[in-house]
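Data block below; observations after.
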Amino acid sequence: MIKQEHKTNNVLSPHLSRIFINQQDQELMWQQLHQKPELREGLRREIRDSWERSFSYGVDPARDSPIPLTQHEFIVARQESEYLIETASSVMEGLLEFIAGTGFVLVLADTNLCILSIMGDQQSLNEARRGGLVEGTIWQEELVGTNASALAVALARPISVVGYEHFCRIGILAANCCAPIIDGGKIVGVLGMEAPYCRFNTHTLGMVMASVKHIESKMTLERATKYNEHLIESMSEAVMVVDDRNTISYINSNCCRLFRKERHEVIGQNIYDVLGHHPDNHYFVSLATGRIPTNETVMLNVGQERIKCHVTCNPLNYSEPPCIGTLLIIRESKHVDRMVRSWIGSNAKVTFADLAGENKSFLEVKKLAMRASSSNSNVLLLGESGTGKDMIAQAMHNAGPRRNNPFVAINCAALPKELIASELFGYEEGAFTGARKGGNIGKFELADQGTIFLDEIGDMPLDLQASLLRVLEEKSVMRLGGNKLIPVNVRIIAATNKDLEAEINLRRYRRDLYYRLGVIKITIPPLRERPDDIIMLSKYLTHKICQRLNKPPYIITPEVIEAFLQYPWPGNVRELQNVLEGAIQLSNQPVITYEMVKRYLSLPPKNPLEGETELESTDTEVSISSLERIMVKKYLHKFNNNKSKTAKALGISRKTLYRWIKEYGISD
């Protein structure tokens, strides 16, 4: 008995001695560990703790087989771990060449400790099967007690469990070395090697650890590759890599769509075989092997279609691994136009519904502009400053077929002479001192497929008028410092407050440009020629200003209306709007009185209406009905009860005037 106890202690103390005892002693040690709790102190701490947990779970030590999944559950488990199985299989197959004939099998399990795959020679697989190691079985600690795969997940590190260290009888004669597979900081599975306990050696766990590192590296590389692929595929641009022999080595799906080809038709092919030997394509290919352009505008010929693009090239010259080639980023102009619409196109906010007025001449202008909206002919808007030429231009754009394309406005009088050409036509890198790196796209290119509004066109320098005329005739632009024409399809709306015919006689304006721009000429009447619109515009603009400034509705007193009707409005509608906004901003109450606007109008103070008390600026009880009554009485008195003249001055119909007279009890 003493000799047996000595033997037992000798087995439990040295860690490796558990593999040198025979099968009978393995079973004896396992039985004594279950019967004598004090002997468990000789186990490794992680094994001892697992045994204690197994007791607490109520695991049956006599269990001699694991828990199997149903066929459906196993199929679902493999489907959920498809990526793990695919990545680990090649590594397991490589390792299998080294362990053939050793009695070891390779085991892959998921995080639920379901055996997904087992590999080994036929003899080893048969032995494993007799020991209960079968695909589709569960090896959780709560079910089968202490085992290496469960501990590898619980401890998140490699571990081996040999012979009697297993809690259940099922593992007494087995040695199992397992390591967790960690991807992205999370355990995604377990790889293990299992054999009869007598075949265990210190190198087994090292082989498992090395294989797991290989699997994790493949996952990391695969994730990086997938990440890069998703990144490149999510780009709106076409991306292509061409080597020094003009062979396409990479292409994303957007580039395939651009070339009207499938990926397998392009990869490994010469770019000329893909695009064809067209002069435009020769220039495109020269960019990949020559200089390094940034956003260079080129034309591509794809089949029977000509596509305008912007190309950026980056050389790929690195030695590890060796690579010589060029990365090309190709942006179709329609994508650039989409960005322009979001940045610039939103400036065209005005529609014809926003153009208020009932004057006959103004309505005729509005009608003419609406008809011209559907045309692609150039339009010249004539009129004094402040008449709303820019608003009509926006309305024409929004009513025309180019409404979904860019609307680009440029004030020719607001830019120095030296900058107008670069703003209109753009420039190449190095075109002049201070030119932006990579050059700059011009307004005509930005407005491609849309509308360009050239305000104050009469102030354009004479030498630039010739350049503009050439753009109108050739429908293409050449950037400053450039050497190629860039096709543009734009609709031009120009505007000026100058008498261009007088400027032509003074030799300050080109007659041919005037005719080119003025295919359709629209003259906008000044506000002083639209007196019947002043009252309506005043109310309309007041309402809009109050909405924009988040103020309550304001009332305009009759004295203000009369002053507005007498004022010549040299600044036209823009001046009217500014006068009203200034009065609204400075007013402490929702009433615009004469005292608030007289400083802007340079008119003498008005006398109060006979028989009526003038509305003071402090009067807060003024109502719309009282103002209407006062205005009707005032203008009836002014026009000697002439109903037609009174209605016209008030900006209302005769029917409305008669209704007000009746409602307010006004006698003739």
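The values are calculated or read from the model by the stated rules, or taken from the named source; none is laboratory data. Here the structure is a predicted model, which is why all the values come from computation and not from measurement. Here Cβ is always computed from backbone atoms with ideal geometry, including for glycine, and neighbour counts include all displayed protein chains.
Overview of values
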quantity	calculated
Members of segment 555-568 found to be aromatic (F, W, Y) and assigned to a helix (DSSP H, G or I), listed by number	F564
Condition met for L96 (of a type outside the set (S, T, Y) and on the phi < 0 side of the Ramachandran plot)	yes
In segment 47-64, the residues that are buried (at least 16 other Cβ atoms within 10 Å of the Cβ) and out of contact with any Lys or Arg (no Cβ under 8 Å at 6 or more places or on another chain)	I47, D49, S50, R53, S54, V59
Some residue of segment 506-514 being of a type in the set (F, W, Y), outside the structural domain of K308 (by TED's automatic domain parsing) and touching an Asp or Glu at 6+ places or on another chain (Cβ under 9 Å)	yes
Matching residues in segment 532-552 - criterion: being closer than 22 Å to A369 by Cβ and either aliphatic (A, V, I, L, M) or touching a residue at least 60 places away in the same chain (Cβ under 8 Å) (or both)	D532, D533, I534, M536, L537, Y540, L541
Residue match in segment 538-558 (condition: of a type outside the set (A, V, I, L, M, F, W, C), surrounded by 19 or more Cβ atoms within 10 Å (Cβ to Cβ), over 28 Å from V408 (Cβ atoms) and at pLDDT below 90)	yes
Condition met for E575 (touching a residue at least 60 places away in the same chain (Cβ under 8 Å) and under 42 Å from the mean Cα position of the chain (by Cα))	yes
Qualifying residue in segment 173-193 (condition: more than 20 Å from K218 (Cβ to Cβ) and in contact with a Lys or Arg (Cβ under 9 Å, 6 or more places away or on another chain))	yes
Unmet criterion (only one of (1) part of a helix (DSSP H, G or I); (2) over 22 Å from the mean Cα position of the chain (by Cα); (3) assigned by TED's automatic domain parsing to the domain that holds C178) for A195	(1)
Top-ranked residue of segment 387-409 - restricted to ones that are polar (S, T, N, Q) and at pLDDT below 90, ranked as surrounded by the most Cβ atoms within 10 Å (Cβ to Cβ)	N405
Close pairs (9 angstrom Cβ cut-off, 6 or more residues apart or separate chains): in the same structural domain as K226 (by TED's automatic domain parsing) in segment 71-100, basic (K, R) and assigned to a helix (DSSP H, G or I) anywhere	I85/R78; T87/K218; A88/K218; S90/K218; V91/K218
Helices (runs of 4 or more DSSP H) (entirely within segment 446-554) containing at least 3 residues that are within 40 Å of the chain's Cα centre (by Cα)	462-474, 531-548
Selection within segment 26-46 - crowded, with 17+ Cβ neighbours inside 10 Å and polar (S, T, N, Q)	Q26, Q32
Of all residues in segment 583-594 being surrounded by fewer than 16 Cβ atoms within 10 Å (Cβ to Cβ) and part of a helix (DSSP H, G or I), the one that is nearest to the chain's Cα centre (by Cα)	Q585
Answer from R516, R491 - the residue that is crowded, with 22+ Cβ neighbours inside 10 Å, modelled with pLDDT of 90 or more and basic (K, R)	R491
Condition check for L143: in a helix (DSSP H, G or I), in contact (Cβ under 8 Å) with a residue 24 or more places away in the chain, assigned by TED's automatic domain parsing to the domain that holds N22 and more than 22 Å from G94 (Cβ to Cβ)	yes
Test result for I170, in a helix (DSSP H, G or I) and surrounded by fewer than 22 Cβ atoms within 10 Å (Cβ to Cβ)	yes
Selected residue (only one of G276, G268 is surrounded by fewer than 16 Cβ atoms within 10 Å (Cβ to Cβ) and in contact (Cβ under 8 Å) with a residue 24 or more places away in the chain)	G276
